[in-house]
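Contents: one structure, followed by commentary.
The values are calculated or read from the model by the stated rules, or taken from the named source; none is laboratory data. No experiment lies behind these values; they were computed from the predicted model shown. Because the Cβ atoms are built from the backbone with ideal geometry, glycine has one as well, and the counts that use them run over all protein chains shown. What goes into the accessible areas is simple: the full protein's heavy atoms, side chains included, and nothing from ligands, DNA or RNA. Shrake-Rupley method; radii C 1.70, N 1.55, O 1.52, S 1.80 Å.
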Amino acid sequence: MDTALIASLFVLLLATFVGFEVINKVPPTLHTPLMSGANAISGITVIGAVLIAGAGNETTTIVLGTIAVALATVNVVGGFLVTDRMLQMFKK
């Protein structure tokens, strides 16, 4: 394997671990504002994934970029749906 790929997978593993630990420590009352912030970050992820998938010269890069676009889009749409539902609960 390429050294850059191994380093990238290591960073992904560490980011996943840190993200899991941070989310576990957040009280439930702050989950909705955190979800809104995560939506903004996922929007940036969508842009980055589109750039990577579009500039990919290898099939692996294109496939991983496409998967990243799909997953980040699901996260953005789901986050906005949850946030919208929460805001409707405050209107009643």
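Scanning for something surrounded by 12 or more Cβ atoms within 10 Å (Cβ to Cβ), in contact (Cβ under 8 Å) with a residue 24 or more places away in the chain and within 30 Å of D2 (Cα to Cα), does the stretch 18-36 turn up at least one residue?
no
Okay, residues lined up against (1) under 18 Å from L12 (Cα atoms); (2) basic (K, R); (3) assigned to a helix (DSSP H, G or I); (4) open to solvent by less than 50 Å² (accessible area, probe 1.4 Å):
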site: T45; (1), (2), (3), (4): yes, no, yes, no
site: G65; (1), (2), (3), (4): yes, no, yes, yes
site: V69; (1), (2), (3), (4): yes, no, yes, yes
site: V74; (1), (2), (3), (4): no, no, yes, no
site: G79; (1), (2), (3), (4): no, no, yes, yes
site: D84; (1), (2), (3), (4): no, no, yes, no
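Within the stretch 4-12, does at least one residue satisfy the condition of being surrounded by 15 or more Cβ atoms within 10 Å (Cβ to Cβ) and either out of contact with any strand residue (DSSP E or B) (no Cβ under 7 Å at 6 or more places or on another chain) or among the basic types (K, R) (or both)?
No; the residues of the stretch 4-12 include none that is surrounded by 15 or more Cβ atoms within 10 Å (Cβ to Cβ) and either out of contact with any strand residue (DSSP E or B) (no Cβ under 7 Å at 6 or more places or on another chain) or among the basic types (K, R) (or both).
Only one of I52, I41 is among the β-branched types (V, I, T), open to solvent by 100 Å² or more (accessible area, probe 1.4 Å) and either part of a helix (DSSP H, G or I) or at pLDDT below 85 (or both). Can you tell me which?
I41
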